[in-house]
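Working notes, beginning with the structure itself.
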Amino acid sequence: PSTPTSNENYDDKLLSFFTRVNYAHMNRYLFTASIRADGSSKFGKNNKWGYFPAVSAAWRLSEETFIKNIGIFSDLKLRIGYGLAGNNRINNYQSLAIMSSVTAASGNGAQAGYASNQVPNPDLKWETTTEVNFGLDFGFFRNRINGSADIFFKEVKDLLSWRSLPHTAVTTGIWSNIGKTRSTGFELTLNTVNLEGPLHWESTLTYTSYRDRWKERDPKVILAPYVKEDDPVSAIYTLIPDGIKQAGEDTPAMPDLLPGQRKYKDVNGLDEEGNLTGKPDGKIDQADVVYLGTRAPKFTMGFSNDFRYKGFDLNIYLYASVGGYSYPYTQVEHGVYGGNGIQRLKDNNNFLADIKNRWTSDNMGSAMPSGEVNSYDSYGAPNWEKNTYLRLKNVTLGYDLSRLFKANKLKVRFYFSGQNLLTFTGYKGLDPEVENDRAAYPQQKTFSFGLDVKF
């Protein structure tokens, strides 16, 4: 059969215009305004351009006489900002219909031709983020204590995302502007000089808290009955575990369940229109899925300490994350949650040693499932774990070798460093900081030493 000719040529164009105005008066009153216009070839014919203004102002209170007379502040500045930013990070040609070459059976042979493999979306437009920020910079006692605090409110509208299409459509999905999200956050940075003199000690504390929720959703997006319109963006939903089925036990809500498999609680049902009734219905299905939490932590913290003494320097950095959830893929597929079916054991797949404690006829007191594939897990297996942790991220000890010889212009420093030395967590996965996928690679504990030479 003849084969249709093909040629590939990708074209991505972005045209931008930008202007900014700055104004400062007596180093007390600061003002900045800007606007940019961006045109992208990725969007529909009528939506290629996006316009993104921004404005910010600051009042350096520490330069005012009534603040200077207090005698406490070495720095004090109020800040406020408002601005829009655009996002076009999608593949090329997502607003267009695209054809691809195909070969179809025709009589005793085959016929070459073309078929549509992408549904056009001429209404595709820029994703726009609007943010309002209130900030305070402060310093006390000749800046021995200083830092900044920020509260921000962010709204993302016309959110770009892949949206699934009905099975009757030509393709499985389409890039669309699927809705609007809103988020709030708080950030604090605090620097302190704790000791001055032969022994010098400085500390830096950072704290970040962030919350986001859906504000609007595209009505074409069909939500599961357990999903609320204003749920967090990174929401997690699961069934509620109810122990392990034992031999001879009757589980009428889960008639196909085998001994050793995990049971789930019947907490809800669906009416004829697919809405939750709020009452158990005698069977386990998607009506029994509940909101568990989010991937995003409630807050994160960093704490850094720097010490200097007679040529020695020492840095110790701690990092903590509290309240988020991660999916421990390695343990789910190869260990503590029973694996992906005992058939994989028979096929000599690798598993963690934890599975020796799984439920068997000789170990019926185990809380670990047997490893037989549980079809009810498809509704939402509760394998997620809190990934709260405290990690000693870095310790670096150095010494200024220049002190041992007279060389005014030559600086030589020897240092020894260790990363990811200790982690305190109840998380059972490989690494609470990075594991959210099968391909996750844990943070390594590393040691290094070296020389810094400056001249």
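The values are calculated or read from the model by the stated rules, or taken from the named source; none is laboratory data. On a predicted model such as this, the values are computed, not experimentally measured, just so you know. For neighbour counting, all protein chains shown are included, and Cβ atoms are generated from backbone atoms with ideal geometry for every residue, glycine included. Surface accessibility is based on the protein's heavy atoms, side chains included, excluding ligands, DNA and RNA. Shrake-Rupley method; radii C 1.70, N 1.55, O 1.52, S 1.80 Å.
Quick grid of which residues meet (1) more than 21 Å from F17 (Cα to Cα); (2) of a type outside the set (A, V, I, L, M, F, W, C):
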residue: W49; (1), (2): no, no
residue: S56; (1), (2): no, yes
residue: R60; (1), (2): yes, yes
residue: E64; (1), (2): yes, yes
residue: G71; (1), (2): yes, yes
residue: N91; (1), (2): yes, yes
residue: L96; (1), (2): yes, no
residue: S100; (1), (2): yes, yes
> Checking T189 against (1) modelled with pLDDT under 95; (2) over 23 Å from T294 (Cα atoms), which single condition isn't satisfied?
Replying inline: (1)
> Would you pick out the residues in the stretch 135-176 that are open to solvent by 30 Å² or more (accessible area, probe 1.4 Å), within 17 Å of I222 (Cα to Cα) and either assigned to a strand (DSSP E or B) or in contact with a Leu (Cβ under 7 Å, 6 or more places away or on another chain) (or both)?
Replying inline: S161, W162, R163, S164, T172, W175
> Within the stretch 377-394, is there a residue that is free of Cβ contacts under 8 Å to residues at least 60 places away in the same chain and not in a loop (DSSP other than H, G, I, E, B)?
Replying inline: yes
>> Given the options S74, S34, name the one that is within 31 Å of the chain's Cα centre (by Cα) and in a strand (DSSP E or B).
In response: S34
> Within the stretch 244-264, restricting attention to residues that are assigned to a strand (DSSP E or B) and either open to solvent by 40 Å² or more (accessible area, probe 1.4 Å) or touching an Asp or Glu at 6+ places or on another chain (Cβ under 7 Å) (or both), which residue is nearest to G365 (Cα to Cα)?
Replying inline: K263
>> When you check N305 against the structure, is it over 26 Å from the mean Cα position of the chain (by Cα), closer than 30 Å to A320 by Cα and at pLDDT 95 or above, yes or no?
In response: yes
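Please verify whether G324 is closer than 26 Å to S234 by Cα and either under 32 Å from the mean Cα position of the chain (by Cα) or at pLDDT 95 or above (or both), treating the condition exactly as stated.
Answer is yes for this residue.
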> Somewhere in the stretch 265-282, is a residue touching a residue at least 60 places away in the same chain (Cβ under 8 Å) and open to solvent by 40 Å² or more (accessible area, probe 1.4 Å)?
Replying inline: no
>> Which numbered condition in (1) under 28 Å from G274 (Cα atoms); (2) assigned to a strand (DSSP E or B); (3) in contact with a Phe, Trp or Tyr (Cβ under 9 Å, 6 or more places away or on another chain); (4) open to solvent by 60 Å² or more (accessible area, probe 1.4 Å) is the only one that Y237 fails?
In response: (4)
>> For the stretch 324-336, which positions are within 10 Å of T388 (Cβ to Cβ) and either open to solvent by 10 Å² or more (accessible area, probe 1.4 Å) or of a type in the set (D, E, K, R) (or both)?
In response: Y325
> How many residues, within the stretch 416-432, are open to solvent by less than 60 Å² (accessible area, probe 1.4 Å) and either of a type in the set (F, W, Y) or not in a strand (DSSP E or B) (or both)?
Replying inline: 4
> Which residue pairs have Cβ atoms closer than 6 Å, lie 6 or more positions apart in sequence or on different chains, and pair a first residue in the stretch 138-161 that is farther than 11 Å from I72 by Cα with a second residue that is open to solvent by 50 Å² or more (accessible area, probe 1.4 Å) and outside any strand (DSSP E or B)?
Replying inline: D158/K125
> Quick check: anything in the stretch 97-105 open to solvent by less than 40 Å² (accessible area, probe 1.4 Å) and over 30 Å from the mean Cα position of the chain (by Cα)?
Replying inline: yes
